[in-house]
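The values are calculated or read from the model by the stated rules, or taken from the named source; none is laboratory data. All figures in this text were calculated on a predicted structure; none of them were measured in a lab. Don't worry about glycine lacking a Cβ; one is built from the backbone with ideal geometry, like all the others, and counts go over all protein chains shown.
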Amino acid sequence: MSWKILIVDDDAAIVRSMRRILESDGYTVESAETGEKGLRLAVDSNFDLVLLDLRLGAMDGLEVLRQIKERRPEQLVIMVTGFANVASAVEAMKRGAYDYIQKPFNVDELKLAVQKGLQTLVLQKEVEELRQRQMQKNKFEKIIGNSQEIKKVLTLVETFARTDITVLIEGESGTGKELVAEYLHYLSPRFAKPFIALNCGAVAKNLLESELFGYEKGAFTGADRTGHIGFIERSDGGTLFLDEVAELSEEAQVKFLRVLERGEFYRVGGTKLNQVNLRVIAATNKPLDVACEEGQFRRDLYYRLNVARIVLPPLKERRSDIPQLARFFVDKFNKKLGRKLQGFTPDAETALMTYPWPGNVRELRNIIERVALLSNNDIIGVNDLTMANIIVPGLHAAPSEPESTPADDGSYINLRVDLTRTTNAIHDTSQMLITKILEITGGNKTKAARLLGIPRGTLRYHLDRERPDPTGGQSQLPFDPANSGQSP
């Protein structure tokens, strides 16, 4: 492999000397005599290493370094400086330079500095390849979006990943808190160790403590005879993600505080003190400071969790990301379901952009999956979104509105619709939707309810109402707005 090195120095004699030394070792060398030219070459070309003089012309070495690191953070830079400027070279290292060498330098000093830098680059590339393989192995889905809101989140994630501090992630349900936590884990030095996630709100209160801390055999009635390893022990060496952390009982909060402060815990029913080395990331969909004010969460635990904080914006506050997210999910479900959906009609894109998305990214994902299951078209249209329960203005107008209203193309949409005909259409669509999804899932009601975006009990309720009346009356259609008061 031929390494490419860029020398940025305004001293022609120094450049000639460095070029001769490096080329004799087989390196490919280019040079620039000004900071402006050096910056342009460093940004536009792929150099493995930049040797950057601290004292240049109008743009000095520190400014060139700052702009290189801003545009190409991974670029390896070694500063070259005179004896009188060592303090500035140290400052450059704080700003991201890998190392520095002093003028005048001998041949061995230059060769050694370059060799060390390139060896570090090899190790960094190996670590990054291992990280990517680990992410692929665990089927990690990358974070999608180019909005300023999501870029701020990613910047915080990259910053916090370099340290081992505890992170608190706040955001509405469906904004992707676990995805952000997992990404933070993979960017950290712990990426090769376990990422263990526990949703505290999904575990019964009386079982949460034993699931988190584990338990010894015979700790309580019904306990496993061999005991149980909890989520904390399973996370040893890696990262523990606690979603809906506000659901921890007060007793569990006290015990978990000890884990954060000392890395110690007892299993339920145990007397042995266990040591653990883990990183904790917690998440909540309601502000913990409010829970503290209401006496529902310990303030000392809140302070320990809130060392670093990330607030995820709801989807309605990052609407520019919606088309990219929608296309990502279309590609995902094309592969999963063997479909060949090619995108969205302009009206469908408008509907996606104007819909309020109360369920955030999770709702968008479920909607696209539902459309991929049910649509018979190659391009997703407004009718496909309507079938998937997106309320599209103009197609779901209230009877009390004016008789007609201008559409975007200058025509008029009739808004005075016969209520009985509309209700029957809703009934037919709902019945077709449930029947189709149950066929696809092979009668699996749990999966069908998830695809419909409703609780399993709600689905069962509507299925029961659709069965023939044993007294001989008419069978009820599902989602009867006159009787159920519910919607799919």
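Values as computed for the structure displayed
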{"item": "Long-range neighbours under 7 Å by Cβ, at least six apart or interchain, first residue within 13 Å of Thr34 (Cα to Cα) within segment 53-77, second among the charged types (D, E, K, R) and buried (at least 20 other Cβ atoms within 10 Å of the Cβ)", "result": "Asp53/Asp9; Gly61/Asp53"}
{"item": "Residues within segment 102-114 that are free of Cβ contacts under 8 Å to residues at least 24 places away in the same chain and not in a loop (DSSP other than H, G, I, E, B), tallied", "result": "4"}
{"item": "Condition met for Ala372 (touching a strand residue (DSSP E or B) at 6+ places or on another chain (Cβ under 6 Å), crowded, with 21+ Cβ neighbours inside 10 Å and not β-branched (Val, Ile, Thr))", "result": "no"}
{"item": "For Pro356: the one exception among (1) of a type outside the set (A, V, I, L, M, F, W, C); (2) loosely packed, with under 13 Cβ neighbours inside 10 Å; (3) part of a strand (DSSP E or B)", "result": "(3)"}
{"item": "Candidate set: segment 159-195, residues that are of a type in the set (Gly, Ala, Ser) and assigned to a helix (DSSP H, G or I); chosen: the one surrounded by the fewest Cβ atoms within 10 Å (Cβ to Cβ)", "result": "Ala161"}
{"item": "Qualifying positions in segment 191-209 - within 19 Å of the chain's Cα centre (by Cα) and of a type in the set (Gly, Ala, Ser)", "result": "Ala192, Ala197"}
{"item": "Some residue of segment 28-45 being in contact (Cβ under 8 Å) with a residue 24 or more places away in the chain and on the phi > 0 side of the Ramachandran plot", "result": "no"}
{"item": "Segments classed as strands (runs of 3 or more DSSP E), wholly inside segment 239-335, with at least 3 members that are farther than 15 Å from Val167 by Cα", "result": "264-266, 273-275"}
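This table checks each residue for (1) assigned by TED's automatic domain parsing to the domain that holds Ser188; (2) buried (at least 17 other Cβ atoms within 10 Å of the Cβ); (3) basic (Lys, Arg); (4) in contact (Cβ under 8 Å) with a residue 40 or more places away in the chain.
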{"position": "Gly238", "(1), (2), (3), (4)": "yes, yes, no, yes"}
{"position": "Asp243", "(1), (2), (3), (4)": "yes, yes, no, yes"}
{"position": "Phe256", "(1), (2), (3), (4)": "yes, yes, no, yes"}
{"position": "Asn277", "(1), (2), (3), (4)": "yes, no, no, yes"}
{"position": "Ala282", "(1), (2), (3), (4)": "yes, yes, no, yes"}
{"position": "Pro287", "(1), (2), (3), (4)": "yes, no, no, yes"}
{"position": "Gly295", "(1), (2), (3), (4)": "yes, no, no, no"}
{"position": "Leu301", "(1), (2), (3), (4)": "yes, yes, no, yes"}
{"position": "Arg304", "(1), (2), (3), (4)": "yes, yes, yes, yes"}
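So that you can scan it fast, the table gives a plain yes or no per residue for (1) under 14 Å from Pro313 (Cβ atoms); (2) under 14 Å from the mean Cα position of the chain (by Cα); (3) not assigned by TED's automatic domain parsing to the domain that holds Thr28:
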| site | (1), (2), (3) |
| --- | --- |
| Glu109 | no, no, no |
| Glu126 | no, no, no |
| Met135 | no, yes, yes |
| Leu154 | yes, yes, yes |
| Ile165 | no, no, yes |
| Glu170 | yes, yes, yes |
| Val180 | yes, yes, yes |
| Tyr186 | no, yes, yes |
| Pro189 | no, no, yes |
